[in-house]
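To keep things clear, I will list the structure first and then write my remarks on it.
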Amino acid sequence: PAPVQVTAWGFAHGTGCPEIDYFLADPVAVAETEREHYAEKIVDLPCIVTYDPPVDYNLKGVSGLPYHQNGFITLACHARYEKLSDEFLATVAAIMRKLPEAYVEFGGHEFKRPYSIRRVSAAMKDIAPERLIFSGSMTHLEHLQYYQRADLLLDPFPHSGGVVGMEQLYMGVPVVTLYGTQPAGRSTSSVLTAMGRKEWIARTRDEYVDKAVALAADIPTLTKVRKTLRQELLDSPVVKDYAAAVEKAYRTMWLQWCA
């Protein structure tokens, strides 16, 4: 239908259609060794996704680390329920066993259903029920503010959190993620790499557990990054000059077609 056709962002994967000329990604989301398997030509951006800060809410600053008020670590996952794979829940349970004083919160409108709570609880049957917290639906502003109840976010897999991960970083909460097998499972890895926070990216489930446990125990680091993460995100290529990079890519594509 058009002389130049591009896929990006919402689908966050190749289409398999040779009629689509380009896929906007980055070297983290689509490794060089995998590109021969795509129907499209990969065009690298600073990050596979971008983030539009919620400036209309006037969210000035972030809250302090909840640990200092609670006396215990609160982990959280607010990704959509369908992203909570059995493997991810088993990994969260492994983390909870190594952090016997910690609590974990799962958020989303799906937890109005008893089935959703039962499934997550069953995956953590050896974890005391009072250490599992479930929150229901709320407005977007309330959702953003609710993130700050957590000291550390656990990114789901094999499909990563996407926008939720970026929102958490904007609200000052660090994220541990597992580098996935395809772009949809690598969006948080892409964001953290662009921010200069590769140390929060795990390559295996065991490493994911180790990184989460180590970071949860590092109160000085959690306290420090709480104050800096929002600006780190805003100053990173995830946000800064991202549109200009996209426009430059479009211009190059068009000039190549014209030639």
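The values are calculated or read from the model by the stated rules, or taken from the named source; none is laboratory data. The model shown is predicted, which means the values in this text are computed figures rather than measured ones. When we count neighbours, we look across all protein chains shown, and the Cβ atoms used for this are built from the backbone with ideal geometry, even at glycine. These accessible areas exclude ligands, DNA and RNA; they are computed on the full protein's heavy atoms, side chains included. Shrake-Rupley method; radii C 1.70, N 1.55, O 1.52, S 1.80 Å.
Every condition in (1) crowded, with 21+ Cβ neighbours inside 10 Å; (2) under 16 Å from residue 234 (Cβ atoms) holds for residue 196 except the one numbered (1). Considering segment 34-51, the residues that are β-branched (Val, Ile, Thr) and under 18 Å from residue 163 (Cβ atoms) include one that is least open to solvent (accessible area, probe 1.4 Å), namely 48. The condition (being over 29 Å from residue 70 (Cβ atoms) and β-branched (Val, Ile, Thr)) is satisfied by just one residue among 181, 228, 221: 181.
Which one is nearest to residue 245 (Cα to Cα) among residues in segment 17-33 that are open to solvent by 50 Å² or more (accessible area, probe 1.4 Å) and among the acidic types (Asp, Glu)?
Checking each candidate, the answer is 21.
The residue that is least open to solvent (accessible area, probe 1.4 Å), among those in segment 122-143 that are assigned to a helix (DSSP H, G or I) and among the hydrophobic types (A, V, I, L, M, F, W, C), is 123.
Residues of segment 53-89 that are among the aliphatic types (A, V, I, L, M) and open to solvent by less than 40 Å² (accessible area, probe 1.4 Å): 59, 65, 73, 75, 76, 79, 84, 89.
Output the number of residues of segment 144-156 satisfying the condition of being open to solvent by 60 Å² or more (accessible area, probe 1.4 Å) and outside any loop (DSSP other than H, G, I, E, B).
1
Residues in segment 94-116 that are in a helix (DSSP H, G or I) and farther than 22 Å from residue 148 by Cα: 94, 97, 98, 114, 115, 116. Scanning segment 76-90 for residues that are more than 11 Å from residue 124 (Cβ to Cβ) and part of a helix (DSSP H, G or I) yields 81, 82, 83, 86, 87, 88.
Each residue in segment 157-188 was checked for being under 19 Å from residue 15 (Cβ atoms) and either open to solvent by 10 Å² or more (accessible area, probe 1.4 Å) or in a loop (DSSP other than H, G, I, E, B) (or both), and 8 of them qualify.
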